[in-house]
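*Asks:* Submitted below is the structure of interest, expressed as structure tokens.
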Amino acid sequence: MLKIEHLVKRYGDFTLDCSMEIKPGCITGLVGQNGAGKSTTFKAILGLIHRDGGKVELFGKDVEKFSVKDKQKLGVVLSDSGFSGYLDIHDIIPVLTNLYDTFDRDFFMKQVQRFGLPINKKIKEFSTGMKAKLKVIAAVSHQSELLILDEPTVGLDVIARDELLELLREYMEAKEKRSILISSHISGDLESLCDELYMIHDGKMILHEDTDVLLSDYAVIKVSSSQYAELDKQYILRHKKESFGYSCLTNQRGYYLENYPGAVIEKAAVDELITMMIRGDV
Amino acid sequence: MKGLLIKDMKLMLNQKRFFVTIGFIAVMMAAVVKDTSFIISYMTVLGAMFTISTISYDEFDNGNAFLFSLPVTRARYVLEKYGFGVIIGISCWLFSVLVAAAIGEMRKIMPVRDTLLIAVEVLPVILILLAVIIPFQLKFGAEKGRIVSVAAIGAVVVVFIFTEKAAEILNIDLELAALIDHAAEWNWGMIAAAAMALALVLLLLSAKISIRIMEKKEF
């Protein structure tokens, strides 16, 4: 569905050089710190910036050659941009109806009511949460095949976040082979939603794994300095010096559970994984 | 493109008070001043220039990034801005011509024919103004664009004045001056048609430049 091969974009000292693939029917998460290159990747996929090299193919077509019809197959949420604040929901309905051949007005209105959004209030007067909800509702209301969501849950409370994630699950269930590419700071959202995760750091993809594998096979091993010296390091991806000794990240949890029954081996949540991958040494 | 036009119409309707106010001022001025035709250029400029305001609205809060992720190409966006400027400009022009002609006739200070003559002169000037300002606005953004376009118009005026003065001093009969001298012999309709044609050519050329400017932009 989406294939990125060595996408290169340079901004002064920063260079993005990444590759990734999104398969039909999959929810793919993109994690990374601020400034790691997530938004730049999203912008390159959407043709908002000109790339310095590489290929970005969406639905088998170079995104720079995308027509209006091709763009109708996308639903987009950007964290730092949205509808003009001088419009209200009532205003944007005819705009969306005319931009998308398949805009489902009834569905859109139903969701607007479900999330309690005011129809005649200017968007600039919306709360952060209300703006975020409106963006996601608009993105899922026109039978798109791929959702590209950059931080869609930012500024939302737990309940609103759950409601939005539910909306995304409903979107996936409504039709086969739909896909989502999503980035988020809240790793819990990604753990529960995504089939695959990519981790980006300093403009490079440093990890790509199925979420199931990540949650079952990845672990953080906590050992003293003497235990560390004797540890078999062939499946250790990163290690980090701690006050008690060392933390080690592995993708072979079973192996260490079996061979080092005395060691503290904890399943790695996405947050820990990010910290170990970025802060740890190879 | 229809979606974009609707968006800009909605943005404009949100400024209803502004348009009602300038409409009211136009009518009041027509009722007081001697030259009722003045309101034609006043209203048409304000109307046509609203397309510049919509460019600022689009840019506000990084809105362009989202706008261009919608099914909108950069070329269509540009064409919509010209289309919107022309539609609103001509609507305001029609309204002001009606008001100026009616009040001019009612107060018996300006025959309808004179009002119409001026009205026909105003239209190409407004289109040329759009042709000059839109590319600057797209290239430099809301704040800088305004300054640069005012400077550009000023520069054109200064160049004209200097050329005229220089020609006077050097006693050169400029082709342009000769053209204007002979203009009186021309058919008035032909001049109007030529001015309109020139304005449309400039508008097309300007749109082409604007498309190139937008294609290069990053959001």
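*Asks:* Please report, in debye to the nearest 20, how large the charge dipole of the protein assembly as shown is about its Cα centre when each Lys and Arg carries +1 at its beta carbon and each Asp and Glu carries -1 there.
*Replies:* 1040 debye
*Asks:* Given the rule -39500 (n - 2.57) for each run of at least 4 DSSP H residues, summed and divided by the residues of chain B, what is its mean residue ellipticity at 222 nm, to the nearest 500 deg cm²/dmol?
*Replies:* Computed mean residue ellipticity for chain B: -29000 deg cm²/dmol.
*Asks:* Further, regarding this structure: May I ask you to list, by number, the DSSP H helices of chain B whose Cα span along the axis is at least 18 Å and whose average Kyte-Doolittle hydropathy reaches -0.5 or more?
*Replies:* Once both thresholds are applied, what remains is B:16-32, B:74-106, B:112-170, B:188-216.
*Asks:* Quick one: P(r) of the stretch A:218-279 from all Cα-Cα pairs, 10 Å bins, percents rounded to integers, in order of increasing distance.
*Replies:* For the stretch A:218-279, the binned pair fractions read 25, 62, 14 percent.
*Asks:* I've got another one for you. Just for the Cα atoms in the stretch B:2-216, what are the lengths along the principal axes, largest first, rounded to whole Å?
*Replies:* Projected onto the principal axes, the Cα atoms of the stretch B:2-216 cover 55, 47, 27 Å.
*Asks:* Now, a different point. Per residue, how big is the convex hull around the C-alpha atoms of the stretch B:8-113? Give it to me in cubic angstrom, could you?
*Replies:* Expressed per residue, the convex hull around the Cα atoms of the stretch B:8-113 is 91 Å³.
*Asks:* Moving on. Would you please calculate the Kirkwood hydrodynamic radius of the protein assembly as shown over all C-alpha pairs and express it in Å, rounded to one decimal?
*Replies:* About 26.8 Å for the protein assembly as shown.
*Asks:* Which of the aspartates and glutamates could a cross-linker span from B:K165 if the Cα-Cα distance has to be under 19 Å and same-chain partners fewer than 8 positions apart are dropped?
*Replies:* By straight Cα distance, B:K165 reaches B:D173, B:E175, B:D181.
*Asks:* Past the 27 Å Cα-Cα mark, which pairs from A:K135/B:K144; A:K69/B:K208; A:K61/A:K122?
*Replies:* A:K135/B:K144; A:K61/A:K122
*Asks:* Let me ask something additional. Keeping all protein chains in place and using 1.4 angstrom, which order do B:D35, B:D61 fall into by accessible surface area, from largest down?
*Replies:* Ranked list, largest accessible area first: B:D61, B:D35.
*Asks:* Oh, and also: Hey, got the average number of other protein chain Cβ atoms within 10 angstrom for residues in A:41-47?
*Replies:* 3
*Asks:* Quick check on the protein assembly as shown: of the DSSP beta bridges with both residues there, what percent are antiparallel, nearest 5%?
*Replies:* So the antiparallel bridges amount to about 70 percent of the total.
*Asks:* Might you work out the accessible area of B:M106 for me, using a 1.4 Å probe with all protein chains in place, and round it to the nearest 10 Å²?
*Replies:* 150 Å²
*Asks:* Can you say what percent of the DSSP beta bridges in chain A, counting only those with both residues inside, are antiparallel? Round to 5.
*Replies:* Here the antiparallel bridges make up roughly 70 percent for chain A.
*Asks:* Also, I was wondering about something else. What angle do you read, to the nearest 10 degrees and between 0 and 90, between the alpha-carbon axis of helix A:89-99 and the longest principal axis of chain A?
*Replies:* Roughly 90 degrees between the two axes.
*Asks:* Taking the Cα atoms only, what angle lies between the long axis of helix A:158-174 and the longest principal axis of chain A, rounded to 10 degrees?
*Replies:* The answer is roughly 80 degrees.
*Asks:* Continuing with this model, one more query. May I ask you to derive the relative contact order of chain B, considering only C-alpha pairs under 8 Å and at least 6 residues apart, and to give it as an integer percent?
*Replies:* 26 percent
*Asks:* Okay, next question. I'd like to know which of A:V223, A:I278, A:A263 lies farthest towards the positive end of the charge dipole of the stretch A:218-279, counting +1 on Cβ of Lys and Arg and -1 on Cβ of Asp and Glu.
*Replies:* Value computed over the given set: A:I278.
*Asks:* Please list A:F244, A:F115 in order of solvent-accessible area, largest first, computed with a 1.4 Å probe with all protein chains present.
*Replies:* A:F244, A:F115
*Asks:* If you don't mind, there's one more thing I want to ask. How big is the gap, in Å, between the Cα center of the stretch A:132-158 and the Cα center of the stretch A:214-274?
*Replies:* With the stretch A:132-158 and the stretch A:214-274 each reduced to a Cα centre, they are spaced 36 Å.
*Asks:* Using a Förster distance of 41 angstrom, determine the FRET efficiency expected from the C-beta separation of B:I147 and B:M106, and round it to 0.05.
*Replies:* In this case the efficiency is close to 0.50.
*Asks:* Also, I was wondering about something else. Whole angstrom only: what separates the Cα centroid of the stretch B:204-219 from the Cα centroid of the stretch B:111-133?
*Replies:* Computed from Cα coordinates, the inter-centre distance equals 26 Å.
*Asks:* Ordering A:Y228, A:Y260 by accessible area with a probe of 1.4 Å, largest first, what comes out?
*Replies:* The most accessible residue leads, giving A:Y260, A:Y228.
*Asks:* Along the charge dipole of the stretch B:1-141, which of B:P124, B:P111, B:G83 sits closest to the positive end, that is, farthest toward it, with unit charges on the beta carbon of Lys, Arg, Asp and Glu (+1, +1, -1, -1)?
*Replies:* B:G83
*Asks:* Which residues among the stretch A:87-122 fall inside the zone where the amide N is under 19 Å from a point 7 Å beyond the Cα of A:E173, along Cα→Cβ?
*Replies:* Only A:107-108, A:110-112, A:114-115 fall inside the zone, counting backbone N under 19 Å.
*Asks:* Round to a whole angstrom and tell me the spacing of the C-alpha centers of the stretch A:1-77 and the stretch B:1-36.
*Replies:* Using only Cα atoms to place each centre, the spacing works out to 42 Å.
*Asks:* Just in the stretch A:124-189: which trypsin sites (Lys or Arg not before Pro) are loop by DSSP and have at most 15 other Cβ atoms within 10 Å?
*Replies:* Qualifying residues, ordered by number: A:K175, A:K177.
*Asks:* A follow-up question, please. Treat every Asp and Glu Cβ in the stretch A:218-279 as -1 and every Lys and Arg Cβ as +1, leave all other atoms uncharged, and give the resulting dipole magnitude about the Cα centre to the nearest 20 debye.
*Replies:* 180 debye
*Asks:* What accessible area, in Å² to the nearest ten, does a 1.4 Å probe give for A:E163?
*Replies:* Spelled out: A:E163, probe radius 1.4 Å, area about 70 Å².
*Asks:* Semi-axes of the equivalent ellipsoid of chain A: what are they in whole Å, largest first, if each equals the square root of 5 times a C-alpha gyration tensor eigenvalue?
*Replies:* Equivalent ellipsoid of chain A: 39, 21, 17 Å, largest first.
*Asks:* Now for a separate question. Treat every Asp and Glu Cβ in chain B as -1 and every Lys and Arg Cβ as +1, leave all other atoms uncharged, and give the resulting dipole magnitude about the Cα centre to the nearest 20 debye.
*Replies:* It comes to approximately 920 debye.
*Asks:* Give me a comma-separated list of calculated 3J(HN,Hα) values for the stretch A:227-242, in order, Karplus coefficients 6.51, -1.76, 1.60 applied at θ = phi - 60°, integers in Hz, x for any Gly or Pro.
*Replies:* 5, 4, 4, 8, 5, 6, 9, 5, 10, 8, 7, 9, 9, 9, 6, 10
*Asks:* While we're looking at this one, here's another question. With every protein chain left in place and a probe of 1.4 Å, what is the accessible surface of B:W188, to the nearest 10 Å²?
*Replies:* 120 Å²
*Asks:* Could you work out the local net charge near A:H201, counting Lys and Arg as +1, Asp and Glu as -1, over the other residues with Cβ closer than 13 Å to its Cβ?
*Replies:* Charge balance in the 13 Å sphere: +2.
The values are calculated or read from the model by the stated rules, or taken from the named source; none is laboratory data. Only a predicted model underlies this, so the values are computations on that prediction, with no experimental measurement involved. Positions of Cβ are backbone-derived with ideal geometry, glycine not excepted, and every protein chain shown enters the neighbour counts. The area values use the complete protein model at the heavy-atom level, side chains included, leaving out ligands, DNA and RNA. Shrake-Rupley method; radii C 1.70, N 1.55, O 1.52, S 1.80 Å.
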